[in-house]
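Let me begin by presenting the structure, written as structure tokens, before commenting on it.
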Amino acid sequence: MSRHIEIVEVGPRDGLQSEPGVMPTSAKVEFIERLIDAGLRRLEVTSFVNPKKVPQMADAEQVLAGLNKRPDVRYVGLVLNQKGFERAVAAGCNEVGMAVVASDTFNRRNQGVGTDESIAAWLDIAKQAHAAGVRPQVTVSAAFGCPFEGEVSVDRVIEVACRVAEGNPHEIAFADTIGVGVPSQVSEILGRATAALPGMRLRAHFHNTRNTGLANAYAAVVAGVSALDSSAGGIGGCPFAPSATGNIPTEDLVYMLERSGYSTGIDLDKLIATGEWLQGVLGRSIPSMLLKAGTFPKPAARAA
Ligand code: MG
């Protein structure tokens, strides 16, 4: 049996959050339902953050309310603090993802408090989540580099991972938040994490800012991750910042993994159709290369 790699679809959150126009709630709901129909079973559907800072996510509760909830799907809400956690649980998320930034400066810019305070908040949230029957997981952000502090040492990343592990998360993710990472870093960080935290499930989150996203994803699979984040169409990044780009595209990731002998449980044709639909909704072309080149072999040849 081929090894299964779980794909966590983050398009509805990380992908959409920097879109200049606010997508109507009904379109967000359709986007998520299409992804589930294509086989995705774990999706970061929104974030419960300050709507003044991230207007695109102001309808978090309405998105959750609009979904036709299935028992076999994990509806993940991103939270950064206690208030966000309470909103996510009240809205019906059955999994919460918390982010703790490895660099203190970025943590203060992103969440208004230092890394130590975010770790303390996470440990508190994890305890409450376990008690409430909501699955908690945590991401160590900017693990591959920080836009303010520059290089982030692997020692620091592993130290933060070991501290958040005390909350007994479902898994720990390592995020290349700004897309600076390379495969050798992926191997080193995940290798060190595996050694420091035996038995802990690991996930990775990459942005394709410097075109290293898929190479990093493959390195993460080789290093033993059980899950990878990606966004449909590769959406994300800020249209006003020419160098900012999105997450690795889910279509391209599924293609690479399935052709390499891993299973994802995702119907690539339905996923591509969703990407085409998304291009129509956004009114522009989006980064996925599969959307441009098509899959291989062609569906007709596969059927023959
Ligand atoms: Mg991200």
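So the values come out like this:
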| item | result |
| --- | --- |
| Global form of the range 1-43, assessed from the alpha-carbon gyration tensor, a/c cut-off 1.5 | oblate |
| Percent RCO, i.e. relative contact order, over the range 133-292, from Cα pairs under 8 Å lying at least 6 residues apart | 17 percent |
| Note, ³J(HN,Hα) from phi for the range 116-125, Karplus 6.51, -1.76, 1.60, rounded to Hz, x at Gly and Pro | 4, 5, 5, 5, 4, 5, 4, 4, 5, 5 |
| Length added when fully stretched, Tyr262-Ser26, from 0.36 nm per residue minus Cα-Cα | 81.6 nm |
| Antiparallel %, DSSP beta bridges [both residues in the chain], to 5 | 5 percent |
| Efficiency of FRET from Cβ geometry, Glu86 and Glu151, R₀ 22 Å, rounded to 0.05 | 0.05 |
| Helical contribution to [θ] at 222 nm, DSSP H n ≥ 4, -39,500 (n - 2.57), averaged over the chain, rounded to 500 | -12500 deg cm²/dmol |
| Selection of trypsin sites (Lys or Arg not before Pro), the range 249-304, meeting DSSP coil and at most 12 other Cβ within 10 Å | Arg284 |
| Gain in span if fully extended, Arg41 to Met289, counting 0.36 nm per residue against the direct Cα distance | 87.0 nm |
| Rounded accessible area of Trp277 (nearest 10 Å², 1.4 Å probe) | 50 Å² |
| Gained length - Arg201 relative to Asn50, 0.36 nm times residue gap less alpha-carbon distance | 51.4 nm |
| Whole-number percent relative contact order across the chain, with pairs defined as alpha carbons under 8 Å at least 6 apart | 19 percent |
| Under 5 Å, built H, 5+ apart or other chain: amide partners of Val101 | Ser141 |
| Cα gyration tensor shape of the chain, rounded if a/c is under 1.5, else prolate or oblate by comparing a/b with b/c | rounded |
| Under 19 Å from the Cα of Lys52 - aspartates and glutamates, other chains or at least 8 residues apart | Asp14, Glu19, Glu61, Glu86 |
| Amide hydrogen neighbours beyond the local backbone of Arg203, cut-off 5 Å, H modeled | Ile172, Ala173, Phe174 |
| Per-residue HN-Hα couplings for the range 25-36 [Karplus 6.51, -1.76, 1.60; θ = phi - 60°; Hz; x = Gly/Pro] | 4, 5, 6, 4, 4, 5, 4, 5, 5, 5, 5, 5 |
| FRET efficiency estimate (nearest 0.05) - Cβ-Cβ, Phe296 to Ala132, R0 45 angstrom | 0.50 |
| Amide H within-cut-off set for Val180, under 5 Å, with H built and near neighbours excluded | none |
| From phi via Karplus (6.51, -1.76, 1.60), per-residue ³J(HN,Hα) for the range 221-229 in Hz, x at Gly/Pro | 5, 4, 6, x, 4, 9, 8, 9, 8 |
| Qualifying trypsin sites (Lys or Arg not before Pro) for the range 185-238 [loop in DSSP, other Cβ within 10 Å: at most 11] | none |
| Cα gyration tensor shape for the range 100-159, rounded if a/c is under 1.5, else prolate or oblate | prolate |
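The values are calculated or read from the model by the stated rules, or taken from the named source; none is laboratory data. Here the structure is a predicted model, which means the values were calculated and not measured. Neighbour counts run over all protein chains shown; Cβ positions are idealised from the backbone, glycine included. Calculation scope for accessible area: heavy atoms of the full protein, side chains included, ligands and nucleic acids excluded. Shrake-Rupley method; radii C 1.70, N 1.55, O 1.52, S 1.80 Å.
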